[in-house]
Every structure is written in structure tokens, then in C-alpha cells.
Ligand code: ATP
Ligand code: MG
């Protein structure tokens, strides 16, 4: 094609430009945080489109979250305008995986309209299997089985591929059998789980070379962001597709690999060159995101890891602010101090959306949420199933799923007696028996039953009423928008009323959440699209466009950037997380350190780290030790501050290494006689200790107390 207008290329540095213009053949961009990897991918797509090398539908682009996909689409749009038109194959592995499965469902034994199970459904299904096999759910919890199966799926192993030794681990040798039974159950339900979206895709391609060839012809260019976090299944899936055009471009940073606990393998980066012979490798070294102090602090920290490919990083901006470290008395004070700082930033004119709080574990969020509600500070929880995992949301979704599909048994089971309608376990069993005997979905079984004399008249009329409602809603769904429909469903089912009558403290919040759910449906074209989105969302915006503080886990902050980043909870046991250390030892510690690196490098201008000396866990106070990562931050780029939420601790400032092996007194036990040699904030801590101790009794549990107390999920995404 004739030389196109390329204004979007002119802002790039030479390496970035090379990465954008090296379009033929495999390319790996290996570079540190904030060097423009994502920007390169986006510009590359724009370039492909603008030069007419491919249609939007011929580009496969994989992002780590749905949010990232949306952002990428927007950015491409600003560069090439309408040319972007949709890009049907821009999305997460899962989103693209499900799209492919939907097109060829019959080849992998699924019927059209198959459902995607969420974790909750998955667990309930596994529980049923365990009961059927007479396996004690206490001894062998369904959650453990779910994690085991997920692990296999992440590694690309279907039941027949599971090594015999591994299959034997669960329930005295029943693991492999249960996995197979679970897969059979899924098929019977016309359902897949998350792992299947790729695993079944791989099977589809392997068993149907003609289908694979079709995609080889289709995808002229393939691009993958955050390549360091792909797991084996994703890798195999991608490699199958990339064997076509071979124009595959992966960008990643080994220092930001933070999903090892979920099966991600950094080795995929190392394997790239051998898998794709002749691959070009481009390194980017200039960081455009963060100021000098922030970048230096992060680089020093990550240098403590041994298993690294190693990279140079520099920034050309000014040094900016040092990274601050602030000690707080307890998590409440930490939340107050951060709340105060945010209010001050807000008064100074900083947009709240440019302020993020990145936590290690999601339980930490509650304290901030409480505080922000008190202050009237708008905030939004990003990333996590948090909002959609709430019971009321799940119930509401189950209703919508039933409307959407007459064969969604799990959803039907969930709501058949919510609100209470007098449908007991005995009736449910009857329904199940009929469904099994006739091999029909539960809703059809109910219809059969209500036409017989088997049920008590009252139950029969209740169930008939329920079916009639579903029929009516389905009818209405043709004329009403899906949001109107949702409101009607929630009202007419009695579900909203159930919470209106509820006198518990949370009821009001639940009603608000239900409203929020309806609002969240607006951007979608129809109910099906919305439900599909729900089953895929890993990052959820649960609010309208209001300017709000962004609260999320470190894991979901990957790839994002903010002017100001608060990093609370840098304490031993919480961060690094005890579970990571227990489960994976040194590898776990290194992954935690990479997470710290990801956290600090999200900040453009200001990174503010906090630790609390006391945390209440399960109602008990535990004293905690400052994180070892604090000691790994270089003195010259860090400033130690007083907490503003406290009583004016006499912190005369900076401890520095002259205080002995740790300026955060991790080594000596944070409470006790060593206070004479500690810097100001710890003296203050010790001074307060007496009173606190007397009141709470168990402060000073010391290290042991802090260990293992944070039972929340490892990744907490
Ligand atoms: P991460 O590893 O955190 O995902 P990344 O390598 O993907 O980071 P980007 O998010 O693409 O980095 O870029 C970081 C920031 O630097 C963005 O705000 C981006 O717009 C900006 N940036 C990248 N390249 C340039 C450039 N050549 N000129 C100006 N700004 C740039
Ligand atoms: Mg990026």
C-alpha cells in the first residue's frame, strides 16, 4: 500500500517504533514496567489497520482483563478512527475462547447456548459429586477439588492426561475419577467452566484440523499483552493458533509475573524463541510512567530477586517525590490516615480517579470502604468478583439466567425457594428425580410434575406460578429492554420485597446493590450479552462514570497507572503473604516481591506505603512486623513519614540503617525492650503499648501471632 499518514508513529522512541513496524514473523518485546509495551501493542494494531495489512476481524489480540481490552479498543480508535470497528477478536483468553467454542460447540459435544459456570456453581456441583461418591466433604473439601481440577486445566490436562500419581492425591485415589465425573456432569448440564474455555478449544483444534486451518487463514496477526502471566493451557492454545501466520507478537515483563500460584509460567517467555524460530526480540528501556525516585525504589526492590532475566530501566523525567513509608498504629488508623491524605489531595484539585489503593488481600478493602463511606468519599472497587459475588447479586443473576435459559439448572435450584415459597428439600428431590429419569432440565421437570397429582396442591400451585412468571418474563423480554426486564423480574419474583422486609443491618445495602446491578446492565445490548459478560468478568466497574478513588488488589492493578498510589498493609504475614511463603518458599517470596514491584510501578508521581503495627483478625488483635520489603527499599529514595491519623508521634524522621540491621525493627520483635534503639515512630508505638496491651490482652503475641493469621485468599483477585 501507499505510504500512509502515520502521526501515531512519531511519538515513539526508536525501539518502540521498531517493535511496531516489525510486523512479519514472531516478535517478543521484553521490557520493564512503564516502558510502553501496551502502547506498542496498541500502536501496532493501529498500524496494521491503517496500512491495510489486515481487516479488524483478522487480528487476534489478547489482553489480561476485559477492562484492558476496552481501553485498548478506545486507544486504537483514537489513532485510526472507525477502522477499529469492533475488532471481534480483541479480548481476554477466556472471552476469545468462549467465542470460538460458541461457533463450533457441536464439535466438542456442547449444545448451543451452553452455560459458563462460575466458581460458586462449580463448587456446588462438586459437592454433589462428593456426596454421590460418599466422600466426606469435611476431609476432602469441594473447594480443594475445584482448585485441583483448575490446576490440571491450567496445565492443559484433560482427565485422561492427568498423571496417575497426581490423580491419586485427592480422596485416596479418587481425584482423577472425580475429575472425569465432573466433566461428564458438565456435559450433561450443557455447561463448561472457565478452564474448559481453553481446554476444549485446544481439543477442538487438535481434533479438527480443518477448523484450525480456518483460523490460521483468518488470523493474520496475533498479539498478546502480559505474556509473562500466561499459563500452559493458554500457551498451548495460542501456539496452535499462531502456527498459521506466525505473525505473533508477545509483550511481557518477567519481573511482573504474579500469577504463578494460578499456574502461570514465566518459562513461556523463555520458550518463545525456541517455539518460534527466528523470533525477533526487542527490549525497551525507557520508563515513561514514573518519576525517578519511584522507579529507583522499585528497581532496587526487585533486584533482591534471583531468578530474573535482568533489564535496564531509566527515566528521563525529574526525580519527583521520594516513596513514603508511614507506620500506623492499627489498620483503622491506617485507613483514617489514608482517607485524610486523599481528602487533602482532593482539596488540592487532584481527581480521585487518579488515586488508587492497592491491597494485598481483599479483606483489607472493608476498612477503607467503611472509612470512605464515613467521609463521603466516592470510591470504586475494581477487579474482583467482589460485587458480583454478593449473595443478593448472585440470586438476582440466577433469576436472570433462568429467564435467559430454560435449562440452567444450577440457577433454577438457587432461586426456586428464594424468597421462601415453601419448596422444601423433599420437593426438590422429586423434581430432580423426574429430571434425571426424563433427562430434561429442572424447569421442564417442574412442568411435568405440576401436571401430575404427585405434589401437594399448595406446592403445585406455587411451582406453577413460578413457571408462569418465567414464561411471562421471557415473553416480555422480546419487547422490553433487558434493564426494564430485570426490574420487573426482581419486583414480581418478590425478591426485592424480601430484602425490603428484612430488618438486618445489611438489607439496605443489598437493595442498593440490586439497583446497582440493574445499572450495570445498561451498556450491554441484551440479557444474553450481559450474562456472558458476567461469567467472564474479572474486572468489574461497579459504578457509573463518577470520579472515584480506585480500590483494588495488587493483582488486578497490573498494567494500570495512577498519579498517586497508596500501598497499605506492608507487614510480614500479609505482604509478603504468609501463604505464599508456606506454600512455595523462596519462589513464593520472589513472587510476592514481584507483586510489590508491580505495586510501586503503578505510580506516576507519588507512591505511599503504609504498615500497621496491629491488625484485628477474626476479632483478635495481632501485633505485626513491618514487611521485609521495606528494608529492601533504598534509603536515598524513601522518606519515612508520621501517620497523620495518630497522636503526633515523635518520629524525628528517618531511621536509616544506622539503627541496626533493620530500620523497621523487624528483627527484634516489634514490641518490647528494644525500643530504646528505634526511630521515632516506633518509640511512640512502644509508649502506647502499655495502655493498649492492658486493654486487649493479646498484643505481643509477636511473630507467632502475626503468622498465618491472614487466612484470606492467596491471590485475592
Ligand atoms: P506495564 O509493564 O506496567 O504494563 P507498559 O510497558 O505496558 O507498562 P504502557 O502502559 O504502555 O507501559 O506505558 C506507560 C506509560 O508511558 C503510558 O502512560 C504511556 O502512554 C506512556 N508512554 C509509553 N511510550 C511513550 C512515548 N514514546 N512517549 C510518551 N509516552 C509514552
Ligand atoms: Mg502494559
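Some observations on this one:
- Flag if residue 234 is within 16 Å of ligand 1 (Cβ to nearest atom) and buried (at least 21 other Cβ atoms within 10 Å of the Cβ): no
- Within segment 265-282, the set of residues being crowded, with 20+ Cβ neighbours inside 10 Å and free of Cβ contacts under 8 Å to residues at least 60 places away in the same chain comprises 265, 266, 268.
- Candidates are the residues of segment 578-630 that are in contact with a strand residue (DSSP E or B) (Cβ under 6 Å, 6 or more places away or on another chain) and within 16 Å of ligand 2 (Cβ to nearest atom); the one that is farthest from residue 291 (Cα to Cα) is 599.
- Breaking point among (1) assigned to a helix (DSSP H, G or I); (2) surrounded by 15 or more Cβ atoms within 10 Å (Cβ to Cβ); (3) under 34 Å from the mean Cα position of the chain (by Cα), for residue 500: (2)
Matching residues to (1) modelled with pLDDT under 90; (2) crowded, with 17+ Cβ neighbours inside 10 Å; (3) under 30 Å from residue 236 (Cα atoms); (4) within 16 Å of ligand 2 (Cβ to nearest atom):
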| position | (1), (2), (3), (4) |
| --- | --- |
| 287 | no, yes, no, yes |
| 292 | no, yes, no, no |
| 297 | no, yes, no, no |
| 303 | no, no, no, no |
| 313 | yes, yes, no, yes |
| 316 | yes, no, no, no |
| 327 | no, yes, no, no |
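- When 270, 222, 238 are screened for being at pLDDT 90 or above and part of a helix (DSSP H, G or I), only 238 passes.
- Condition met for residue 369 (closer than 21 Å to residue 344 by Cα and modelled with pLDDT under 85): yes
- Among (1) assigned to a loop (DSSP other than H, G, I, E, B); (2) modelled with pLDDT under 85; (3) surrounded by 17 or more Cβ atoms within 10 Å (Cβ to Cβ); (4) away from ligand 2 (no atom under 16 Å from the Cβ), the one test that residue 539 misses: (4)
- Pairs, first over 16 Å from residue 257 (Cα atoms) in segment 219-241, second within 16 Å of ligand 2 (Cβ to nearest atom), C-beta under 6 Å, six or more apart: 223/41; 223/61; 223/249
- Within segment 5-38, the set of residues being without any contact (Cβ under 8 Å) to a residue 60 or more places away in the chain and closer than 20 Å to residue 90 by Cβ comprises 20 only.
- Restricting the search to helices (runs of 4 or more DSSP H) fully inside segment 1-116 and requiring at least 3 residues that are at pLDDT 95 or above and within 16 Å of ligand 2 (Cβ to nearest atom) gives 14-21, 37-50.
- Within segment 193-212, being at pLDDT 95 or above and not in a helix (DSSP H, G or I) holds for one residue alone: 208.
- For the residues 575, 530, the requirement of being over 27 Å from residue 495 (Cβ atoms) and modelled with pLDDT of 80 or more singles out 575.
- Verdict on residue 50 being farther than 29 Å from residue 308 by Cα and either within 9 Å of ligand 1 (Cβ to nearest atom) or touching a residue at least 60 places away in the same chain (Cβ under 8 Å) (or both): no
The values are calculated or read from the model by the stated rules, or taken from the named source; none is laboratory data. These numbers come from a predicted model, not from an experiment. Don't worry about glycine lacking a Cβ; one is built from the backbone with ideal geometry, like all the others, and counts go over all protein chains shown.
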